[in-house]
Each structure stands twice: as C-alpha cells, then as structure tokens.
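The values are calculated or read from the model by the stated rules, or taken from the named source; none is laboratory data. Values in this document were obtained by computation on a predicted structure and should not be read as measured data. Using ideal geometry, Cβ is built from the backbone for each residue, glycine included, and neighbour counts are taken over all protein chains shown.
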C-alpha cells in the first residue's frame, strides 16, 4: 500500500492505496466522486477526463499514486456557486444527450480553451479528438465550445475597454 | 380569462433539457455509481476461443484467492440458469437453440461466459479470473455465412447452421423481370458493427428475503422484468427492475443479457448485493453486435426508369445464438426495400444463419438502414445505367404527395409524406446543380481529387408498433405504451411514462406535452420513468417509438384528467359539465369566462374532497394505454458531397445536407440533436467502423483503439432543415426521429464516393470505405 494525499475539488483526501489503483477508481470508489465515469480501457474515449494541476488528463491512464500531491478538479468541482460557462453552454446548445461523455468532454474543453482561448471550429474538433461521443455527432458540442470562447473574448474585450 | 394570459404553446418550443442539470454537473446516477452495504463484485471469465468444448474447469485456486467470496461455472448454475429468451420466433419452424447464460459444455463465440468470480472488489475479482483453469477441445469456427450454409460445413448447433427462411412476396415478380429493358443485380455487404454506447453495461442486484431489486443499464426495464421472471422463475411481483440514468443504447441495451440473469442468480445464491460492470473490451466481445448481412438485390426497370420489380435475397448473420429480437431485425427491413417507390412486384427472402460470432440484434435502425442502403445504392446505379440524373429517377418512381395514403407493394400504408418538398429543400441548401457542375468539370480535367454527390431519399417505419401487426409477425409482445398522470394537491403534475429514456430527453419533451394538455407551466411537470415500481407498465424505448406511442399515451392520460376535472369543476361552479369549456388550463363557463376553475384549483379541491359531486371519486389521476393503429413514416432527403483523393484513397466529406420530415416537432432542439447523432452514426458505418474477426474467430476490434468510433475531428458539420408533413394517424401528428439520420446517411455517403469514382470504372466500394479499400477499388477499376 502507498500513501497518497491529494486535493479533489477543493477537499483534501489522504488514503493508503494499492500502487496499481487507477486515479479514476480512486476518485469514484475511494473518494466517492462518481461524477467522473469510465467509458473504455484503452484511453480512447476520454469520458474520465479531469484536470490534474489544471491540465486535462484521462484519469484511467493515471495511477492514484501518480496524483499524489496533486490538485484534481472533476466535473463536480467545476461550478463555482453557479455553473461554469461550459456547463451552461452545453445545456443551452443541447451539446449532450445521454450525457455519459459530458463530464470528460467539458473538462477537455476547459483545458482546450485554457490552451487556446480563440479556437477555430477545426481547432475545437481537433482539440476534442480524444473524447468520444456517440449521441450528438459533435456538432452542438463544437457550437457550445465556440460560444464559450466567444463569450470569454467578449468579456476580455469588455474588461479592456 | 383574457387573451394576454393565454400561455404560449410548449409543443414546438426549443426548450433546453431538464435532464441536463444532473448530467452537466456530475450528479448522474449511472448503474456503476450505485454503492450498497455489503456490495460485492462479479467478474466473468470469457471464452478466448470461437468454438470449443469445455473439457475441464478448475476453480479451486480462484476460490482460495484473496477477497474471493464465490466462483461459479456453468455446471454449477446449470439447474437454475434456464435459457436466454428469443421473443421473436419469426417462422413456425425456426431453430432457436438453447442459450445458457453461462456456457456449460460448449462455447460458440469468443467472449461467451464460462465462469464467474465474486469478490470483495473489482480488482480482486479480476485477479481471481486468472486463477481459473479451463481446458478446451477446439472445434472448427464457422465464420462465413455462405460457407456455413454449404454442405459439410461444421455445425454451430446440432440442428445445423440455418435458423429460418422468411419469405414475402407481392405482385408477379417473374412478369416484372420478364423482358424488362433494364435489370441490375448487385450484392452489398452490411458489415458487422458494434453499437458502442458510451456507457458500458452494468448491473447491480440486491436481494432482500425472496425479493430482488435489479438496476441495469438497460433500455427495457419493463420487458426485462417479465423476461427475468420467466427465465429464473422468480415471481414477477417480487422483482423490481430499475433503469437509472442510462448512457445511450442504440439497441445494444434492448436485450435480456446473460450478465443480468447471472447477477440475479448469484445474488440469490449469496443473499447479498452484487455488482457487475463491463470494461469496453469485454463489451465489444459480449454486447450484441449489429447489421452483418449479405444483400443480393435485383431490380427490373423500364427504359424510362420506371421500376417494375425488386427481388431481395438476404443472408443475415445471427451470430452464435438468437437473442431477444435477433431474427426479427432483418424482417423490419423486409417492408422497407421498396422504400418511397412504386413498383409492380416485390419479392423478399431472408435466411438467418448461425456463425461462431457474437450474437447480433437490434442496432440503431434495425433492418431499416440495411434496406435503405441497398435500395438507395441500387437507385444510383440504375440512374447511371440509364444515364439519368439520380434525383430525376427517384422522382419518376416515388409516391407523389397527392397519392397519400398509399399502400405500398410491401403492404404498409404510408399515411402521409411529401418527398417533393423535402427534396426541393435539400437541393437548394446543397447547391445541387453547382456541385454537379463542379464534379463534372473536375472529372473532365482529370483532377486527382474527385468530387462525388450522394443521394438518399429515405423513409422508415417508426412507432413500433400496432400490436396486431406484431402478432401477425409472430413477435412475442404487443406494441402499446402506457402513461399515468398524477395531479398533486398543489397543482403540480407527475407524468409517469412506460418509455425508458437513455438520452432522448423524454423528461423535457413529455413535460412540454403535459404543459399544453393540462395548461400548466412546463416547470410544474415532473416526468417519472425507468423503475417498474414507479412506472409499473411499459414497453420501453426502441425503434423510434417513444413519442409516437408513449407520447400519445401521455396525451390520452391528460385527456382523462381533464374530463375528471370537468365534472369536479362543474360541481364547484354549480353548473352542468356540459356548460363548461376548456381554455388554457381552465374549465370555464361557456359565455361567462370569468366563472372558472384552473386545473390547479380543481386539484386542490379534489384533494380536500369536501365538496365533490355525488358519486365522484376524489382523484383526477388517470392512466392511458395507447396502441397505435399504424406505424409512422418519417422521410427525408439527404445529400452528401464527398471529395475522394484518387491517389491516397482518402475521403473527405465536404458538405452534408439533411432535410428530414418527422411530422410535427415537440422540441426542435432535441430533434436536431437526434438527426446530428444519427447522421454521425450512419457515416461511421460508411467510413470507419467494422467488427472484424480473424480466421480463428477472434474479434480483432475489441477495443476503441481498433473499432473506430469517429471523433469530432473525423466528421463535418451538418446542414439540417425540416419539412413538416404531419402524421395523420396520431393526435400530435408526430412520426419519430431517433433512427432517421442513421438510416439515411450511410447510403448518401457511399453513393457520393461511388459517384466520384464511377468514371474511373469503380462500381462499388465495400464498407467501411477506408482509404485502403477506396484505393484498391480505384486500382481494380483501372484494371477493368
């Protein structure tokens, strides 16, 4: 057993874990943060995407011990009193149907926009390539991400003027 | 009540969904999220071989492994596990082999369950699987349908490799082909597909005494409850089935699975709650697959392009066993090969074939995408043969909008449609004439990147289904749907539906329907579903049936609430019920609209029950069970422009236009989303996906690294629009939209690719049209 200590959605967790325990299973089954689902076992689908120290990772491809000392943000920690702009945009643009890919898709999109605040449509499509959705055909997901990018640009322009 | 306070109609509004609040915040209740005190985990050992006899299964080491509570083999459960059900014996002499949930002596596909471990956690269960020793005596795999039917083929089952032959014909097919100026014969292959819902399957089962609650990632909690009771002998009333939030289905969760039965039996054996959650690579082996047909299609036409006859001979791969509706899937296509076209004669024959592969069953569209693909492909080929524009050929043959209702050569009566309007709209959005011109110019100039235009003018049968027709087709159940409306004292409404949503947005759409029917705010309606104790009656969600059947049941139940409310309102207002008229959620006195009671006021008065008319029970709650008179027939015109690089074989979809006619629309946002997702799934079949087996019968696409579900980067943006020709057979005028995109898009894409390459001597490209296959087809064309 190895000791891990990490902050998940603002709360500190300390646990002894098997070294082979995947971060996503630590989140779901030890910490009880079931908002992050598992969609595959080959890191292709991205449903389990979370932010580790602000950068998106597929939590099925990270061991819990590798996250020792890290700051983890899941879909359950994204809202800050009110919904994150991506959560709102996914809702309003109908960017989800069954919603299973949604937590990972939103977390990946958050990292994409951090990296590239003004992406083109193609950059959004390429940037979300690691996240699979079977319901939406991606069109409204792309629309939602572009909308948030536009809102963020508008806010910055507003703040600058 | 004055005009200003009349509510805007909810039906037709692009309401953002109620469901989203939990889905975008991670508060969703997936089956795998469920934790119960004492919960233990099941892992299944699966056959690595396609076909073998089990000669020995030694579980002794596994039983001693850390954290292991129990280990079961098929022999351990043989006396109680029964046989997985097939509810659609399509012919009287169909071969339905025994299908034990856990193999006892023989395995017939790689992935079939041979043992189960129950352990403290999922890691311990997975570890212990490796400590089970199973010896197999290999038997020859049966992988090719035509070889399976050949004399001397190894047998999948003792009864042979043929499950059934189902014929249908109407009109004089020989006369239609005799002396026909044009006869085309084509063979198309519908490759095997893996549905790939994003949520892997999961089951939790909790026993309390002799009663059981089973949570499953299923589309069909109601059907599942009945079937589990029949298979296990557990009385139906002691079995509660819950479909909590379910992450997509596409037909793959329209099933009664081995894992559900085994979880229930193991929970009963152990007397403690159990959970099983599959991994993706386990699911690719064991979730039923879709499609896998060989279609031989012959068409006879006049020199002017008028269709005379259509003859279809189908081989359908059942896989190793018949699952819930496996044999019925190709039959759903049998009535659709004639599509929107008029003709003199039609003949159809389907042979169901056993192979040593994962069983097939319903996958989005179920039979109808296959039929639509074949007819739309052959219509394009026929147009090329005749030197006609493929849209003009279709127009020559399709049912005119003035000819509805129209009884087709396959015997269905299409109630409504307007193929002219949808096609005209699509042509314009697509810039059809300009693209045709460009394609011709690029071909003439020898451009290495060719442009092709693909057409799909499709229809489908939705709203499964009139129970009497299902009975005629030997299906084991009816096609009705149930709804209940519960009026709460404060005027809020609970709408209970037998439909079982897994991404479709019923909570939103049904709220819109109820809001209009009862004149209450959208926000005041709560939709309850997916739990057989909460919604005890239902036929569940598949086949684009929820709105056209379940939605109409909701309308009917609301109507009954209104009529009960009318009697009570009359009592409160001291008038005759006949003197009242319904206006925007209120019964009011005809000619004196100031005198009236809202549905909320009536609900409160009913709750108090102080002053009800003599003999009137104090309840507005109402149930309705709706059995449709007919299917519904959505249609549309999809146009695809594909650029094909003749040097690399790469295909790029340049534009895609879809004009769908799904009748009246309850929520345009949801409809558009269904169309987008459907198109993507159909494109995936055309370009990317195939469940492939090697010569030993091993599935070589067992992960999402090998089975190529497309990402955002692989797909274009779609241009969608609608025409609205209401269905005439239901009061909302709705037709269903869940499968339309998938049915339409596959032939549109392949037609575009073949259109680009036909000048190069390429008559067809087998699906999926990968760069390698396209490149080879071009080389073969050049050699011709």
Provide a single number: the residues in the stretch B:181-195 that are within 14 Å of chain A (Cβ to nearest Cβ) and touching a helix residue (DSSP H, G or I) at 6+ places or on another chain (Cβ under 8 Å).
-> 2
Within the stretch B:106-127, is even one residue without any contact (Cβ under 8 Å) to a residue 24 or more places away in the chain, within 14 Å of chain A (Cβ to nearest Cβ) and under 30 Å from residue B:215 (Cβ atoms)?
-> yes
Meets criteria (in contact with a strand residue (DSSP E or B) (Cβ under 8 Å, 6 or more places away or on another chain) and either surrounded by fewer than 21 Cβ atoms within 10 Å (Cβ to Cβ) or not assigned by TED's automatic domain parsing to the domain that holds residue B:109 (or both)) for residue B:76 | no
Please tell me if residue B:691 is within 14 Å of another protein chain (Cβ to nearest Cβ) and more than 21 Å from residue B:628 (Cβ to Cβ).
-> no
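One line per residue, one yes/no per condition, for (1) surrounded by fewer than 24 Cβ atoms within 10 Å (Cβ to Cβ); (2) touching a residue at least 60 places away in the same chain (Cβ under 8 Å):
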residue: B:194; (1), (2): no, yes
residue: B:204; (1), (2): no, yes
residue: B:211; (1), (2): yes, no
residue: B:232; (1), (2): yes, yes
residue: B:241; (1), (2): no, yes
residue: B:267; (1), (2): no, yes
Residues being within 7 Å of chain B (Cβ to nearest Cβ) and surrounded by fewer than 24 Cβ atoms within 10 Å (Cβ to Cβ) - total across the stretch A:88-120 = 2
Checking residue B:248 against (1) free of Cβ contacts under 8 Å to residues at least 24 places away in the same chain; (2) surrounded by 24 or more Cβ atoms within 10 Å (Cβ to Cβ), which test does it fail?
-> (1)
Residue B:158 vs (1) farther than 23 Å from residue B:314 by Cβ; (2) surrounded by 20 or more Cβ atoms within 10 Å (Cβ to Cβ): all pass except (2)
Subset of the stretch B:536-557 (residues that are closer than 13 Å to residue B:485 by Cβ and surrounded by fewer than 24 Cβ atoms within 10 Å (Cβ to Cβ)) = B:555, B:556
If only one of B:643, B:647 is part of a strand (DSSP E or B) and over 22 Å from the mean Cα position of the chain (by Cα), which one is it?
-> B:643
Just checking, which of B:748, B:713, B:752 is free of Cβ contacts under 8 Å to residues at least 40 places away in the same chain and closer than 27 Å to residue B:439 by Cα?
-> B:713
Do we find that residue B:680 is surrounded by 24 or more Cβ atoms within 10 Å (Cβ to Cβ) and within 30 Å of residue B:50 (Cα to Cα) in this structure?
-> no
Is it true that some residue in the stretch B:608-628 is farther than 30 Å from residue A:98 by Cβ, away from chain A (no Cβ under 14 Å) and not in a loop (DSSP other than H, G, I, E, B)?
-> yes
Within the stretch A:63-76, is even one residue crowded, with 22+ Cβ neighbours inside 10 Å and at the interface with chain B (Cβ under 10 Å from one of its Cβ atoms)?
-> yes
Quick one: how many residues across the stretch B:719-760 are within 29 Å of residue B:193 (Cβ to Cβ) and not in a helix (DSSP H, G or I)?
-> 10
State yes or no: is residue B:706 more than 14 Å from chain A (Cβ to nearest Cβ) and free of Cβ contacts under 8 Å to residues at least 24 places away in the same chain?
-> no
Report yes if residue B:511 is more than 22 Å from residue B:568 (Cβ to Cβ), crowded, with 24+ Cβ neighbours inside 10 Å and more than 14 Å from chain A (Cβ to nearest Cβ), otherwise no.
-> yes
Can you pull out the residues in the stretch B:254-292 that are away from every other protein chain (no Cβ under 14 Å), part of a loop (DSSP other than H, G, I, E, B) and within 24 Å of the chain's Cα centre (by Cα)?
-> B:254, B:255, B:256, B:257, B:288
Just for the stretch A:121-130: of the residues that are at the interface with chain B (Cβ under 7 Å from one of its Cβ atoms) and outside any helix (DSSP H, G or I), which one is surrounded by the most Cβ atoms within 10 Å (Cβ to Cβ)?
-> A:128
Where in the stretch B:1-85 are there helices (runs of 4 or more DSSP H), lying wholly inside it, with at least 2 residues that are within 14 Å of chain A (Cβ to nearest Cβ)?
-> B:20-23
Being part of a helix (DSSP H, G or I), at the interface with chain A (Cβ under 8 Å from one of its Cβ atoms), out of contact with any helix residue (DSSP H, G or I) (no Cβ under 7 Å at 6 or more places or on another chain) and more than 17 Å from residue B:422 (Cβ to Cβ) narrows it down to one of B:680, B:684, B:713, so name that one.
-> B:680
